[in-house]
1. How charged is the neighbourhood of B:Glu101? Take every other residue with its Cβ under 11 Å from the Cβ of B:Glu101, and add Lys/Arg as +1 and Asp/Glu as -1.
2. Past the 25 angstrom mark, what percentage of all C-alpha to C-alpha distances in segment A:98-214 do you count?
3. How shielded is A:175-187 by partner chains, expressed as the average number of their Cβ atoms within 10 Å of its Cβ atoms?
4. For a test of the definition: using alpha carbon positions, the gyration tensor, and the 1.5 limit on a/c, classify the protein assembly as shown as rounded, prolate or oblate.
5. Answer with one residue from A:Ile172, A:Gln120, A:Met55: the one whose Cα lies farthest towards the positive end of the charge dipole of chain A, charges on Cβ with Lys, Arg +1 and Asp, Glu -1.
6. Given an 8 Å cut-off on Cα distances and at least 6 residues of separation, report the relative contact order of chain B as a percent.
7. List the DSSP H helices in chain A whose Cα atoms stretch 15 Å or more along the helix axis and whose mean Kyte-Doolittle hydropathy is at least 1.0.
8. Kindly list the residues of segment B:154-174 that lie in the label zone of B:Leu77, defined by a backbone N under 17 Å from the point 7 Å along the Cα-to-C-beta vector.
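Only the coordinates and a few stated rules stand behind these numbers; no lab work does. Being a predicted model, the structure only gives us computed values, none of them experimental. Reconstructed Cβ throughout: ideal geometry from the backbone, glycine too, with neighbour counts over all protein chains shown.
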Number of protein chains: 2
Amino acid sequence: MNSGEAFGMLGREAVYRAIFTRRDIRSQFLPEPIEDEVLARLLMAAHHAPSVGYMQPWNFIIIRDMARRRQVRDLFLAARQQELPRIAEERQALYRTLKLEGICESALNLVVTCDRQRSQNSPLGRSHNPQMDLYSTVCAVQNFWLAARAEDIGVGWVSILDREALKRLLDIPEHVEPVAYLCVGPVSAFAAQPELETKGWGKRLPLSDLIMSETYAGAGEHSLKKVADEATNRGAFTAGS
Amino acid sequence: MNSGEAFGMLGREAVYRAIFTRRDIRSQFLPEPIEDEVLARLLMAAHHAPSVGYMQPWNFIIIRDMARRRQVRDLFLAARQQELPRIAEERQALYRTLKLEGICESALNLVVTCDRQRSQNSPLGRSHNPQMDLYSTVCAVQNFWLAARAEDIGVGWVSILDREALKRLLDIPEHVEPVAYLCVGPVSAFAAQPELETKGWGKRLPLSDLIMSETYAGAGEHSLKKVADEATNRGAFTAGS
């Protein structure tokens, strides 16, 4: 395959299908392992993310040990208790019913970290935005997630964790940031809608409301917004392709 | 299409192809427009990124006006001058030869922003990691980038910009963060390798060196690392699929 060759309609549809049917998985993990061949492909997809100044700041910690996972789950439970009072009172009952992690049910856990000192002698592109290395690492997470969808492997991102406690638990040094804690494994299904939508936590915003022209809140782009609304209305962007 | 249906080998290969042949484009932009239908699809791909607590914190500012783009390019030129002294002395000559933006040559520019106050009354998942809204926005950028690759549209991320100056230029309010400044448009080619590799700025690290087991720097995962090395050696992860 020549990388310059046009993509073709079938390939394009597959990429959109991965994007539109990717889900944040918490409840559907199966007690089945992931083959090394598949996991290596997913990690290689992550490793092909764009990175500022080509610094490739990421590492991948694979956690299989169940005792360690239970410790992480305890961190999650404590963090969720701490977060609860910050949620609007009328939504706290709903918040309590949400399943927000699959730490012990998934095939494995994966921590994607960012080494903030990598290539520090030539920080191309990080002088004006020191967060760029973290953003590169997030691009790696999203590559992993989409490749996983294409392998029918589920991924869930657990953000309700005390990062300092997690760093101590995993011996992560000071200069390394744990960017994402992921639960990864085979699943019984990919739901048609995000779970937070099904459960009534939120709705997808209309795309055309998010488009601005030339400046922040700038009106314009009427033709583009019309096309976006029409495509949304005919369901072009849902699970169907 | 049922979203629960297995992906199939051809679809999987297309997703990996988008991931492995995506490039950060600076030099190959063509003086051609993007159709509204294509741009709407790319933005809808971005809008289907995962977001913490389903907050969808992103907005999309489309910049076409050439006078404004020249002002942004001036910001880039000033920022590059400021960054130069931070680059190791023996690499400064190489740094100067790198083309690091396509602001005025691309069909359009796109700023992906993060509204840090959206859903502030129920910050699910942001109590312990206040950066999660920024990370969600980066996931949207990566969705956009991969969908663009599948549409044969090039994308380049310009990180060498003074964000405060950019905010003033685009009337971006205090509570909104410009996460990514992207140059977007049809291109003449997607290079086989990242430009920073071809030009000798850096090399791709061996994946197996980045894999850790159970804790940071933890040894183990020998079987997985062997599979990753073998696949790398037979070129399974390069432009060819």
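1. Here the count lands on +3.
2. Summing the P(r) of segment A:98-214 above 25 Å gives 40 percent of all pairs.
3. Across the residues of A:175-187, the mean count of other-chain Cβ atoms within 10 Å is 1.
4. Rounded.
5. A:Ile172
6. 31 percent
7. The qualifying helices: there are none.
8. So the set is B:160-162, B:166.
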